[in-house]
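K.L.:
I'd like to ask some things about the structure below.
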Amino acid sequence: MRPDLELISDWIEPDSRMLDLGCGDGTLLRHLAETRGVTGYGLEIDPANVERCVASGVNVLQYDLNRGLGDFRDASFDVVVMTQTLQAVDQPNLQLEEMLRVGREGIVTFPNFGHYRCRLQLAMGRMPMSRVLPNTWYDTPNIHLCTVTDFEELCAKLGITILQRAVVDHAHRSGLGLRLLPGLLGEICLYRLERR
Amino acid sequence: MPEAIPADSVGLVTPRKIHFDRPLELDCGRTLPSYDLVYETYGELNAARSNAVLICHALSGDHHAAGYHAADDRKPGWWDAYIGPGKPIDTDRFHVVSLNNLGGCKGSTGPNTIDPQTGRPYGPDFPFVTVRDWVASQARLADTLGIERWAAVIGGSLGGMQALQWAIDQPERIRHALVIAAAPRLSAQNIAFNEVARQAILSDPDFHGGHYYAEGVVPRRGLMLARMLGHITYLSEDAMRAKFGRELREGGLSFNFDVEFQIESYLRYQGRSFVDKFDANTYLLMTKALDYFDPAARHGDDLARTLEVALARFLVISFTTDWRFSPARSREIVRALIDAGKAVSYAEIEAEHGHDAFLAPIPHYRAVFTNYMNRVAEEVA
């Protein structure tokens, strides 16, 4: 399993009712169902991923996240998770608000555009590409990239409390350097959020 | 005629008939003292009797869902693309039961069968039947076949509504419900189309108040019009454009009311060929069953509350260009299932065919269907 998913798993209470926005092949939901008795649904738009979820017995709903979460009631989930998807949606600010309307808590992970290698590439006059951002600028699903500072500023503006933060490198290690300079050394950011 | 019966076909099949003597009380308040149900089966029932799957048919469907009745049949059963060895409903793993519903015209008791009390066809005196009545009669069929619990109940369109009703009325007797291209109830527009179809039949001078059997005629024009109208709603505009466009049969305009455009030719052909194989009274009954379907009505129009009793897991499937029962209608079902905390997966299949897509071989649809049924097969093995 992807190491960021391992980290997230530790943040989710056993027997939670969970919604996974952009659930991919359903790995996280399946893992949590097996290890923590978590129930819930994954939202996914890619046909091949929907097929994989169905094959592994994950409840998957073929939804376009950009259409909003109108089909879900307020506070109907314990936790709403969105891994490596925030940067690919039309309006990340609305998506965050929707997450925390539908779920009591939200968990978000995204690639940090403020990582020093990104900054270096930009300083050299090029759009950054890396292990966590492998796409060319002209053919990428990642249309709303942000830095640690940007994201935390948005949370403050939206009245969202950050309950927990983890910033890791591409190998999902979190050493002293990362703790001291998260915005510069972190490649992937993980947040646990709640509405204030 | 198929050159040879394909390897992934269930092959030659023979319908069977069961007579039921126990009276069936119907939603309309009347009682059927006795009745017959015609059905087909494909694949073997396992020793635990746990691998049985029920196929529910749509408006003009019947029990002949797969295979051939004779080696020289031009076409296989109506859902042959999805039922057979190695197909999504894999007859190497499942015992498939497919019946003709009560009120049908293909052998089960209906308007064109003899009323034992009068010795004449029921005709318009056949009682109105509902989706609930069908489920009740299908449950008795299951009793007779020794099937305590279906591995899955599966249907498209009106068939999907039966699968949904099964989950509500017989929660202990169904493990999975596959609700395809359906809706939780008809919209005003849906009912409007049905009403025009009915008026076409009812106003045909050959209808004779439904007693046309005795007159030796059938309301051909009315039934044909009803079917033509139906076909317009089964296809998407894109599919119609792609298939027919404004193409003319002859090179130019002929300034008369004969068939000029290919679409006219298609509709007339569909209408005409339908008249020879379907009964007008049954068509009237089936459209009424559609109009009346509204399981939430008994629970204050709250579909989520209606579904609370369900124990089944659900797969709901819709098709992007289906405007008869659009994806939004399927999402109403999904939303209610989520609110009721039920296990549900939902696939919204990109397809150009319109409502008819549920019968078409579409790779993504097929893959989702296959993967889901594989899980069901593993569960009941």
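The values are calculated or read from the model by the stated rules, or taken from the named source; none is laboratory data. Computed from a predicted structure; not experimentally measured. Here the Cβ is made from the backbone with ideal geometry for all residues, glycine too, and neighbour counts use every protein chain on show. Accessible surface areas use protein heavy atoms only, side chains included; no ligands, DNA or RNA. Shrake-Rupley method; radii C 1.70, N 1.55, O 1.52, S 1.80 Å.
K.L.:
For segment B:196-222, which residues satisfy the criterion of being charged (D, E, K, R), farther than 18 Å from residue B:122 by Cα and open to solvent by less than 70 Å² (accessible area, probe 1.4 Å)?
P.N.:
Scanning segment B:196-222 gives B:198, B:204.
K.L.:
OK, next. What are the residues in segment A:29-48 that are part of a loop (DSSP other than H, G, I, E, B) and buried (at least 18 other Cβ atoms within 10 Å of the Cβ), if any?
P.N.:
A:38, the sole residue that qualifies.
K.L.:
Of everything in segment B:329-344, what is open to solvent by 10 Å² or more (accessible area, probe 1.4 Å) and more than 10 Å from every other protein chain (Cβ to nearest Cβ)? Give them in sequence order.
P.N.:
Correct list: B:329, B:340.
K.L.:
In addition: Filter segment A:49-71 down to the residues that are at pLDDT 95 or above and either part of a loop (DSSP other than H, G, I, E, B) or more than 10 Å from chain B (Cβ to nearest Cβ) (or both) and list them by number.
P.N.:
A:49, A:56, A:57, A:58, A:59, A:63
K.L.:
Provide a single number: the residues in segment B:148-168 that are under 16 Å from residue B:377 (Cβ atoms) and surrounded by fewer than 24 Cβ atoms within 10 Å (Cβ to Cβ).
P.N.:
Of the residues in segment B:148-168, 1 are under 16 Å from residue B:377 (Cβ atoms) and surrounded by fewer than 24 Cβ atoms within 10 Å (Cβ to Cβ).
K.L.:
Further question: For residues in segment A:72-87 being within 26 Å of residue A:145 (Cα to Cα) and not hydrophobic (A, V, I, L, M, F, W, C), which is farthest from the other protein chains (Cβ to nearest Cβ)?
P.N.:
A:87
K.L.:
Here's a follow-up. For residues in segment B:88-142 being β-branched (Val, Ile, Thr) and touching a helix residue (DSSP H, G or I) at 6+ places or on another chain (Cβ under 7 Å), which is most open to solvent (accessible area, probe 1.4 Å)?
P.N.:
B:130
K.L.:
Could you list, ordered by first residue, the pairs with Cβ atoms under 9 Å in which the first is in segment B:345-362 and more than 14 Å from chain A (Cβ to nearest Cβ) and the second is open to solvent by 40 Å² or more (accessible area, probe 1.4 Å) and not in a helix (DSSP H, G or I), at least 6 apart or interchain?
P.N.:
Going by the 9 Å Cβ cut-off, the qualifying pairs are B:352/B:320; B:354/B:323; B:355/B:323; B:357/B:320; B:359/B:78; B:359/B:353; B:360/B:353.
K.L.:
List the number of the failed condition for residue B:367; all other conditions in (1) within 10 Å of chain A (Cβ to nearest Cβ); (2) closer than 20 Å to residue A:49 by Cα; (3) among the aliphatic types (A, V, I, L, M); (4) in contact (Cβ under 8 Å) with a residue 12 or more places away in the chain hold.
P.N.:
Single failed check for residue B:367: (4).
K.L.:
Specify the residue that is farthest from the chain's Cα centre (by Cα); the eligible residues are those in segment B:12-66 that are β-branched (Val, Ile, Thr) and open to solvent by 50 Å² or more (accessible area, probe 1.4 Å).
P.N.:
Within segment B:12-66, the match that is farthest from the chain's Cα centre (by Cα) is B:31.
K.L.:
Could you list, in sequence order, the residues of segment A:60-75 that are open to solvent by 30 Å² or more (accessible area, probe 1.4 Å) and touching a residue at least 24 places away in the same chain (Cβ under 8 Å)?
P.N.:
A:66, A:73, A:74, A:75
K.L.:
Residue B:311 versus (1) more than 10 Å from chain A (Cβ to nearest Cβ); (2) open to solvent by 40 Å² or more (accessible area, probe 1.4 Å); (3) under 22 Å from the mean Cα position of the chain (by Cα): which is the lone unmet condition?
P.N.:
In the conditions (1) more than 10 Å from chain A (Cβ to nearest Cβ); (2) open to solvent by 40 Å² or more (accessible area, probe 1.4 Å); (3) under 22 Å from the mean Cα position of the chain (by Cα), residue B:311 misses (3) alone.
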